[in-house]
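Q: Below is the structure I would like to discuss, written out as structure tokens.
The values are calculated or read from the model by the stated rules, or taken from the named source; none is laboratory data. From a predicted model like this one, the values you see are computed outputs, not experimental measurements. Because the Cβ atoms are built from the backbone with ideal geometry, glycine has one as well, and the counts that use them run over all protein chains shown. Ligands, DNA and RNA are stripped out before the accessible areas are found, and what is left, the full protein with its side chains, is counted by its heavy atoms. Shrake-Rupley method; radii C 1.70, N 1.55, O 1.52, S 1.80 Å.
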Amino acid sequence: MKFALTSFSLCVVLLHLVNIQLTLAVDCNADDALSLTVSNISSTPTPDVTDGVTTTLTCADGYVLTEGGLGLLCDNGTWQWVGGAAPVCSEVLAPDNIIIGDVTENSIAITWSEASDPKDTYSISISPADGDNPTGSVYAGDPLEYIFTGLTAGTLYNISVTTVSGGVNSMAGAMEQRTTPAPPGDIRIAEITEDSIRVTWAEAAGAVDSYTVRICPADGDNPTGSVNAGDPLEYIFTGLTAGPLLGTSFYIPTSAW
């Protein structure tokens, strides 16, 4: 027995049972399968899909339904797909080639390459969650770029970009990047003798592992040195030559460099 629904020819269920549930596995990409569940079959079918047979389709993890999906059970036990389109599960793939752009003390800019279809949006996040916009979303078709702002200087971050299609997320593409360390503040010449100079400075903002101190021209017993963060912020250059004008410079090394 058949009936017409819009322009499609569908089969009607000829079962005199209520709340029958039937599950059928349909081949999908490679070894992945799509599960189709039919429930709430009416004992008196009518030419109405809602009152007759309803379907719930679920793709395997990481896959999204991209074609077909509505089907009715024929009285011979086979399926008739509306419009002749059997369901297709397509894998949601991660974006390629995440590239770090400009990096400052408080911001990191990223770009990435377009993911293959299907895709609706890209979900972007940074960890540890920090700054003005630790999470964001970019529509497919928009410029594939994002700038995290308000970050902490000298901090190592993990950045991820995920493709989203039909509410299904891909595996995340990820990489690490450290913001630029901030310079120390209030550098002062605290004491000068004929052969030594003692310098002090204020703690740098953000994350700091240590401070590297250098005098130029290189002279004396210790023209370069290192002071760990948390130690007294001072350094004494010794064995210098009396008279010449020397300049002192500071660097903040981190494990990123």
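Q: With r as the distance between the Cβ atoms of residue 169 and residue 236 and R0 = 51 Å, compute the FRET efficiency 1/(1 + (r/R0)^6) and round to 0.05.
A: 0.35
Q: A follow-up question, please. Rank by packing, highest mean first: peptides 176-182, 141-147, with packing defined as the count of other Cβ atoms within 10 Å averaged across residues.
A: Details: 176-182: 19.1, 141-147: 13.6.
Peptide ranking by packing, descending: 176-182, 141-147.
Q: For residue 140, which sequence-distant residues (separation of 5 or more, or a different chain) have an amide H within less than 5 Å of its own amide H, given hydrogens modelled in the peptide plane?
A: Here the answer is 121, 122, since their amide H atoms fall under 5 Å of that of residue 140.
Q: HN-Hα J couplings of segment 117-123 from phi, Karplus 6.51/-1.76/1.60, θ = phi - 60°, integer Hz, Gly and Pro as x?
A: 5, x, 7, 10, 9, 10, 9
Q: What is the sum of charges, Lys and Arg at +1 and Asp and Glu at -1, for the other residues whose Cβ falls under 11 Å from the Cβ of residue 211? Intermediate results must be reported in sequence, preceding the final value.
A: Values: positive: 214; negative: 203, 209, 231, 234.
Computed value for this residue: -3.
Q: Shifting gears a bit: By how many nm would the segment from residue 195 to residue 156 grow when fully extended, if each residue of separation counts as 0.36 nm and the alpha-carbon distance is taken off?
A: Going from the current span to full extension adds 10.0 nm.
Q: Moving to a separate point now. Taking a ≥ b ≥ c as the square roots of the eigenvalues of the Cα gyration tensor of segment 136-257, is the shape rounded (a/c under 1.5), prolate (a/b larger than b/c) or oblate?
A: Because a/c hits 1.5 or more and a/b exceeds b/c, segment 136-257 counts as prolate.
Q: Just to check I understand the Karplus step: with θ = phi - 60° and J = 6.51 cos²θ - 1.76 cosθ + 1.60, what whole-Hz values come out for segment 232-237, glycine and proline as x?
A: Each residue of segment 232-237 in turn: x, 8, 7, 8, 10, 7 Hz.
Q: Full-extension gain between residue 219 and residue 127, please, as 0.36 nm times their residue separation minus the C-alpha to C-alpha distance.
A: 28.8 nm
Q: Quickly rank 229-240, 114-125 as a protection proxy: mean count of other C-beta atoms within 10 Å, highest first.
A: 114-125, 229-240
Q: Let me ask another. Hey, what's segment 93-161 come to in accessible area per residue, 1.4 Å probe, Å²? Could the numbers behind the result be given before it?
A: Numbers: 3310 Å² over 69 residues.
Accessible surface, normalised per residue, equals 48 Å².
Q: What is the sum of charges, Lys and Arg at +1 and Asp and Glu at -1, for the other residues whose Cβ falls under 12 Å from the Cβ of residue 239?
A: With Lys, Arg at +1 and Asp, Glu at -1, the net is -4.
Q: So for each of 149-155, 220-226 I average, over its residues, the number of other beta carbons within 10 Å; can you give me the resulting order with the highest mean first?
A: So the order, starting with the most tightly packed, is 149-155, 220-226.
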